[in-house]
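The values are calculated or read from the model by the stated rules, or taken from the named source; none is laboratory data. This is a predicted model, so every value here is computed, not measured. Here Cβ is always computed from backbone atoms with ideal geometry, including for glycine, and neighbour counts include all displayed protein chains. Areas reflect the complete protein model, heavy atoms only, side chains present, ligands, DNA and RNA absent. Shrake-Rupley method; radii C 1.70, N 1.55, O 1.52, S 1.80 Å.
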Amino acid sequence: MNPFNDIETWETLLGLSEGRQLNQIAHESKISLAALIRRIRTIENTWGVKLLSTNKPIRLTSAAVNFLPEIRTLCESHRKLQHRFETAKDYHSSLSGQIRFAVAAGSLGSQNTHRLLMEFSTQHKGIEFQTEIGPNLNKVLNGTCDVSTFTGNLDLSGLEAIPRGRAKYFALASPSYIKKFGYPHHPSELSQHFCAVFCGASRARTEYLQKAKEKRMVTYGKTVTSTDVLFLKHIVLQGEALIVDLPIGHCAKEIKLGHLVPVLDGWHRNSEPLWIVTSENKWKDPKIRIFMKWYATAWSEMLQKAEDSLRNCLNDVFIEEILDSTP
């Protein structure tokens, strides 16, 4: 097949724009890195447009970046078409059984996951979910859990995984907190502030913040630490503390409404890939495959809507450093 007509080639370029690495994409696609690069070089040679840099690390060229809106539209349309086929009544009417699903407490508590599970159950009335708090890859590998979410770099040994977007984090405070304690511009100022600090099974405590190519260690002042991101969000909304790493899915609405204000002038925790995973053995079960593909698409679309909703209410520095940055 001509790589120009291969959706996976365009998915590769889109993945690069979201901060993923070529070798990681090749590994997930189960092809060699050389074969993946050949596909893109074939398009370059055919059309006379350079898409990838020739120096390392390999990056998208400015021409490729200009094509991203059309590439993103193409890939999203393909996913929606695939989703339509996978959820067709005559194809999946017989899906039944229980799916044991481990998920981060914040996602479950904010009802994002609950809403999606209810939607899937409505489409597939024979499916029931048993949810538990806390992503656990060991339980997935030993078969005591069917599916789990995961944040960060992933060792795929014994696993099947589907990307569901990237976690992008904002440093935030309420207007009342800023009025009382001031607006922090730099990570070095955090030692003078009361900070809400997340540390849980889904991701480790934030130790560094970055801006452009700079990276600084975080020295917190007084802190309240919790494994419950929604508890920390409540404290921040009440004006009692600031937070340096609230995921976009938990704060886009509040930023847009002015209830939370981005601080630190673009200093942020590096974005991380989001996954939904199962074991190689469970992947053979049609209901697991269908649910994972559906969930990954739905979650990615939800995050994209959150990003789009913020672009008209953020300063350029936050758009460039957080929404548009690549690791």
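A few notes on this one:
- Options 51, 68: the member that is more than 21 Å from residue 164 (Cα to Cα) and touching a residue at least 12 places away in the same chain (Cβ under 8 Å): 51
- Tally, over the range 296-327, of residues that are assigned to a helix (DSSP H, G or I) and either farther than 17 Å from residue 249 by Cβ or not charged (D, E, K, R) (or both): 19
- Residue satisfying all of: in the range 1-39; β-branched (Val, Ile, Thr), under 21 Å from residue 166 (Cβ atoms) and over 19 Å from the mean Cα position of the chain (by Cα); least open to solvent (accessible area, probe 1.4 Å) among these: 9
Here's the yes/no breakdown for (1) of a type in the set (Val, Ile, Thr); (2) surrounded by fewer than 20 Cβ atoms within 10 Å (Cβ to Cβ):
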position	(1), (2)
130	no, yes
133	yes, yes
138	no, yes
149	yes, no
154	no, yes
159	no, yes
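- In summary, residue 43 fulfils each of the numbered conditions (1) open to solvent by less than 20 Å² (accessible area, probe 1.4 Å); (2) free of Cβ contacts under 8 Å to residues at least 60 places away in the same chain; (3) within 20 Å of residue 277 (Cα to Cα); (4) part of a helix (DSSP H, G or I) with the single exception of condition (3).
- Listed by first and then second residue, the pairs linking a residue in the range 205-226 that is under 16 Å from residue 194 (Cβ atoms) and at pLDDT 95 or above to a residue that is open to solvent by less than 30 Å² (accessible area, probe 1.4 Å) and among the polar types (S, T, N, Q), with Cβ atoms under 6 Å apart and 6 or more places separating them unless they lie on different chains, form an empty list.
- For the range 96-206, the strands (runs of 3 or more DSSP E) that sit wholly inside it and include 2 or more residues that are among the aliphatic types (A, V, I, L, M) and out of contact with any Ser or Thr (no Cβ under 6 Å at 6 or more places or on another chain) are 159-167, 169-173.
- Residue count for the range 272-289 satisfying the condition of being open to solvent by 20 Å² or more (accessible area, probe 1.4 Å) and of a type in the set (A, V, I, L, M, F, W, C): 1.
- Here residue 302 passes the criteria (1) among the hydrophobic types (A, V, I, L, M, F, W, C); (2) crowded, with 20+ Cβ neighbours inside 10 Å; (3) within 21 Å of the chain's Cα centre (by Cα) except the one numbered (2).
Rundown of residues vs (1) buried (at least 20 other Cβ atoms within 10 Å of the Cβ); (2) more than 22 Å from the chain's Cα centre (by Cα); (3) in contact (Cβ under 8 Å) with a residue 12 or more places away in the chain, yes/no style:
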| residue | (1), (2), (3) |
| --- | --- |
| 96 | no, yes, yes |
| 99 | yes, yes, yes |
| 104 | yes, no, yes |
| 108 | yes, no, yes |
| 112 | no, no, yes |
| 119 | no, no, yes |
| 124 | yes, yes, yes |
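- Any hit, the range 164-181, residues being open to solvent by less than 30 Å² (accessible area, probe 1.4 Å) and without any contact (Cβ under 8 Å) to a residue 24 or more places away in the chain: no
- Scope the range 245-261; condition touching a helix residue (DSSP H, G or I) at 6+ places or on another chain (Cβ under 7 Å), closer than 20 Å to residue 210 by Cα and surrounded by 23 or more Cβ atoms within 10 Å (Cβ to Cβ); matching residues: 246
- The residue that is nearest to residue 238 (Cα to Cα), counting only those in the range 189-217 that are open to solvent by 80 Å² or more (accessible area, probe 1.4 Å) and of a type outside the set (Lys, Arg), is 192.
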